[in-house]
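Below is one structure, written out as structure tokens; comments come after it.
Every read-out reported here was derived from the displayed coordinates using simple, explicitly stated rules and does not represent laboratory data. Because the structure is predicted, anything quoted here is derived from the model rather than measured. Here Cβ is always computed from backbone atoms with ideal geometry, including for glycine, and neighbour counts include all displayed protein chains.
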Amino acid sequence: MDNLEFKRVVQMAEVSDRGGLTSLPHEVLVEAIIMLYRRYNQEKASNGPMEAIAELSKKLICDAEMGTFTSRMREMNQQLAKTEGERDNLREINAELEDSLQQLQGRVDELEQELAGIPQVGRPERYDASFRARVKAYYEEGGHTYRETARHFNISTNTVGRFLKE
């Protein structure tokens with residue numbers, strides 16, 4: 001129900017236009033009553049003018065429609081309770097999933113540490129990074145040849161070439 005239609009219904013109720021109200025579709029009256037009920041609850045929460053809203057609601061509700069309104073409100077309250085229960089269940093499941101995720105992350109960290117401690121496959125490195133840097137510096141700073149650098153460090157000229165390409 002849009003705002004304009006709601007205002008029209010409220011105006012009819014204020015002037016007690018029973019003929020106009022009964023000519024409206026049943027669904028429109030029920031929606032207007034629900035909107036008034038919501039306003040009533042909002043005003044009640046904020047200590048506003050509840051009497052006027054309650055009076056309008058009484059004018060809109062006739063005996064035949066009261067049963068429909070009451071059953072619709074009961075259904076809405078049941079649906080709300082069911083939805084709140086589902087929300088609570090989802091919150092519990094979310095908390096459990098977060099705990100599981102933290103446990104899995106802890107296990108992944110443990111496995112990474114164990115993996116780092118396992119020796120690597122293949123031939124172990126013969127020359128570390130500092131040795132390579134010294135060979136490179138000796139060659140570049142001193143203006144030495146591959147052969148002189150290889151003799152100085154007691155390595156092959158191919159190894160010197162490999163270090164310089166890195």
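Taking the number of other C-beta atoms within 10 Å as the exposure measure, put T149, T22, T159 in order starting with the fewest.
On the way: T149 22, T22 13, T159 17.
Listing T149, T22, T159 from fewest to most nearby Cβ atoms yields T22, T159, T149.
What does the net charge come to around H144 if you take all other residues with beta carbon closer than 13 Å to its beta carbon, with K and R at +1 and D and E at -1?
Around H144, the charge tally is +1.
Treat each spin label as a single point 7 Å out from the Cα along the C-beta direction, and report the K136 to D88 distance in nm.
6.6 nm
Taking the Cβ-Cβ separation of H152 and Q113 as r and a Förster radius of 41 Å, what is the calculated FRET efficiency to the nearest 0.05?
According to the calculation, E is roughly 0.50.
Within 10 Å of each residue's Cβ, count the other Cβ atoms and sort V28, V121 from fewest upward.
So the residues, fewest neighbours to most, are V121, V28.
Please list 3J(HN,Hα) in residue order for the range 95-103, calculated via the Karplus relation 6.51 cos²θ - 1.76 cosθ + 1.60 where θ = phi - 60°; whole Hz, with x for glycine and proline.
Values, residue by residue: 5, 5, 5, 5, 4, 4, 5, 5, 5 Hz.
For each of I34, I118, count neighbouring Cβ atoms within 10 Å of the residue's Cβ, then give the residues from fewest to most.
Values: I34 16, I118 7.
Ranking I34, I118 by Cβ neighbours within 10 Å, fewest first, gives I118, I34.
So which trypsin sites (Lys or Arg not before Pro) in the range 62-166 are both in a DSSP loop and have at most 15 other Cβ atoms within 10 Å of their Cβ?
Passing sites in the range 62-166 are R126.
What nm distance separates the two modelled labels at V15 and E96, each placed 7 Å from Cα along Cα→Cβ?
Result: 6.1 nm between the two label points.
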